[in-house]
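The numbers here are math on the coordinates, done by the rules we state, and not lab data. All of these numbers come straight from a predicted model, not from anything done at the bench. Here the Cβ is made from the backbone with ideal geometry for all residues, glycine too, and neighbour counts use every protein chain on show.
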Amino acid sequence: MTAPTDVQDLLASQPEKAIIANLFTFNLISGPVYHFTDWRRPLTIGGVVFSPGPPRLVRGTISVERGMNVSTQKVTVQEANGEIIALLAQGFFNRALYSMQRVFAADTSLQWTSPMTRFAGRVNNVDAITSTSAELTIKSMLDDLDQDYPLDVIQMDCNRVLGDIGCGVNLEPLTVAGVVAIGSTRNRLLSALANPDAYFTQGVVTFTSGANVGLSYMVKSYTGGVVAPAQPFFAAPAVGDTFTITPGCDKTLATCIMKFGYDPSSDTAPNFRGMPHVPDPTVTY
């Protein structure tokens, strides 16, 4: 990995004192992006503001492997009963995209160089979570190649992800907007939704205002207009908070036909990828 030209020039000048700051970026799969630094004050690099905390991030060792071996990095998050520790405990940082960059300055004037990427990958594990700290293990993107082969498995249910390029269903016109009603808690969302039971089960609810704005949650169940998330909401939704919710799919042929308009005789989306006529492996023929 080649360092930016201004970094090379600075180091080639052999300054008596070089100041280093690390920049940490987390792109959560649910959408939010967090920028942190271990410098004592906020840094604005390339128009992006990196916060010194809380939380405080401590860079651990980086293990670099040659060839196809997966490189890893350890990062410690320190925060006393704060927002990030709570999100880590609830799994929001799982599989988040991560990068650690480094900037340099020659003296206290703090004329920072362009950022140099030191490590990039995904959050693989979150361990040792307490009320004040957590340990993150980051693995390089080579870890994404650790998958079973062949990718297709003979199964009765569809192996597509609803709304992806393979499925082909356009979720935008099917997305429903709602408003939080009284009685909602971290474990259930009440609103005036009038769709039939199970319509949103296995769908996704995304808050567009309130304390949970920008956060998305899988829907564990939808019955009688009540949405139950797969994980508790970060904060109890307040009356009047707004959200959007998408329908879910149980991966069966009947649902694909009745709910999403699958036509087995047509080549148009949706594209059912299940094998419903495969014999049940638990039955002796």
(request) May I ask you to evaluate 6.51 cos²θ - 1.76 cosθ + 1.60, the Karplus curve with θ = phi - 60°, for each residue of segment 233-243 and list the ³J(HN,Hα) values in order in whole Hz, giving x for glycine and proline? (result) 4, 4, 9, 4, x, 8, 4, x, 4, 9, 7
(request) Can you check what the net charge comes to around A134, using other residues whose Cβ is under 15 Å from the Cβ of A134 (Lys, Arg +1; Asp, Glu -1)? (result) -1
(message) Just to check, using Stokes-Einstein with a Kirkwood Rh over alpha carbon pairs, what's the diffusion coefficient of segment 103-261 at 4 °C and 1.567 mPa s in µm²/s?
(response) 67
(message) Once the convex hull of the alpha carbons of segment 5-145 is built, what does its volume come to per residue, in cubic angstrom?
(response) 127
(message) I need the Kirkwood Rh of segment 176-245: take the reciprocal of the average 1/r across all distinct C-alpha pairs and report it in angstrom.
(response) 11.4
(request) Could you rank the peptides 63-73, 125-135, 227-237 by their average count of other C-beta atoms within 10 Å per residue, with the highest value first? (result) 227-237, 125-135, 63-73
(message) Given the DSSP H assignment, sum -39500 (n - 2.57) over each helix run of at least 4 residues in the chain and divide by its residue total; what's the result at 222 nm in deg cm²/dmol, nearest 500?
(response) -2000 deg cm²/dmol
(message) How many angstrom lie between the Cα centre of segment 195-252 and the Cα centre of segment 79-139?
(response) 28
(request) Please compute P(r) over all alpha-carbon pairs of the chain, binned at 5 Å starting from zero, and give each bin as a whole-number percent. (result) 1, 5, 9, 11, 12, 13, 12, 11, 9, 7, 4, 3, 1, 1, 0, 0, 0
